[in-house]
Amino acid sequence: DAGITQSPRHKVTETGTPVTLRCHQTENHRYMYWYRQDPGHGLRLIHYSYGVKDTDKGEVSDGYSVSRSKTEDFLLTLESATSSQTSVYFCAISESFQGLETQYFGPGTRLLVL
Amino acid sequence: ILNVEQSPQSLHVQEGDSTNFTCSFPSSNFYALHWYRWETAKSPEALFVMTLNGDEKKKGRISATLNTKEGYSYLYIKGSQPEDSATYLCALPSYNNNDMRFGAGTRLTVKP
């Protein structure tokens, strides 16, 4: 599992409330990613980080912000949750695989916005 | 925008059948193609990473081929087993090997 944990694993919240999801890794990986997974769309990149305080937007970044104040933690924040943000959120890191970098995923966080 | 298409969307086969499915992508600016296996209630797991035209990778009964000139990769499963039931994802890095674009996946169900 590449030493990745996500918290919480499940969350129910109401529209308009702020939500923060945490990704924690123990193996000093430089790159970390947040994806959301929705039926018919596969995985879509929200934001990623290439080091402490270094982040960049992905394909579906609107409505989300991230922070990385230390190597091991990458936080995803929904400032004001909407029902369209109901999804399963996966954190990932990059690690060498078959001579190239590929991504390893955490267990996921199921978020329901009512 | 990098569009990654997978077909079919879902597939039902009998145990022992061999099967294959497709990942299609723009052939320009190709860098690498990743295949993942994603079981229900688990996280996606890397199967193969392929970079060269004509590449063929194999892991047990699963193999993959790559044609970068025409923009497709095939994933083959020989003698499918119920434990092969999963969603198979392909993904390509968009431009800097960090913005990974995933296809929607092929959901395989193998009936005993």
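Just so you know, all these numbers are worked out from the coordinates, no wet-lab data involved. Note that the coordinates shown come from a computational prediction; the quantities given were computed from them, not determined experimentally. Backbone-built Cβ (ideal geometry, glycine too); neighbour counts: all protein chains shown.
Within chain B, what is the longest stretch that has no trypsin sites (Lys or Arg not before Pro) placed in a DSSP loop and near at most 16 other beta-carbon atoms within 10 Å? Walk me through the numbers before you get to the answer.
On the way: sites that count: B:LYS42, B:ARG61, B:LYS69, B:LYS78.
The reported range is B:1-41.
What ranking of A:HIS47, B:HIS12, A:HIS29 emerges when the number of other C-beta atoms within 10 Å of each C-beta is taken as an exposure proxy, fewest first? Numbers along the way, then the final one.
Details: A:HIS47 22, B:HIS12 12, A:HIS29 19.
Fewest-to-most Cβ neighbours within 10 Å comes out as B:HIS12, A:HIS29, A:HIS47.
Cut-off under 25 Å on the C-alpha distance; same-chain residues fewer than 8 positions from A:LYS57 excluded. Which lysines are left, in chain and number order?
Partners found: A:LYS11, A:LYS70.
When the Cα centres of segment B:51-112 and segment A:7-26 are compared, how far apart do they sit, in Å?
With segment B:51-112 and segment A:7-26 each reduced to a Cα centre, they are spaced 31 Å.
Which lysines does B:LYS58 reach when only Cα atoms under 28 Å apart count, and residues fewer than 8 places away in its own chain are ignored?
In chain and number order, the partners are B:LYS42, B:LYS69, B:LYS78, B:LYS111.
If only Cα atoms are counted, what is the Rg of the protein assembly as shown, and what is its Dmax, in Å?
Cα only, the protein assembly as shown: 17.6, 51 Å (Rg, Dmax).
Loop-only chymotrypsin sites (Phe, Trp or Tyr not before Pro) in segment B:1-107, please: DSSP not H, G, I, E or B, and at most 14 other Cβ atoms within 10 Å. Don't skip to the end; give the middle numbers.
Numbers: sites: B:PHE21, B:PHE30, B:TYR31, B:TRP35, B:TYR36, B:TRP38, B:PHE48, B:TYR72, B:TYR74, B:TYR76, B:TYR88, B:TYR95, B:PHE102; in loops: B:PHE30, B:TYR31, B:TYR95.
Within segment B:1-107, the qualifying chymotrypsin sites (Phe, Trp or Tyr not before Pro) (loop, at most 14 other Cβ atoms within 10 Å) are B:TYR31, B:TYR95.
Once amide H atoms are placed 1.01 Å from N in the peptide plane, what residues at a sequence separation of 5 or more from B:LEU47, or on another chain, have their amide H within under 5 Å of its amide H?
Excluding prolines and chain starts, which carry no amide H, the hits are B:TRP35, B:TYR36, B:ARG37.
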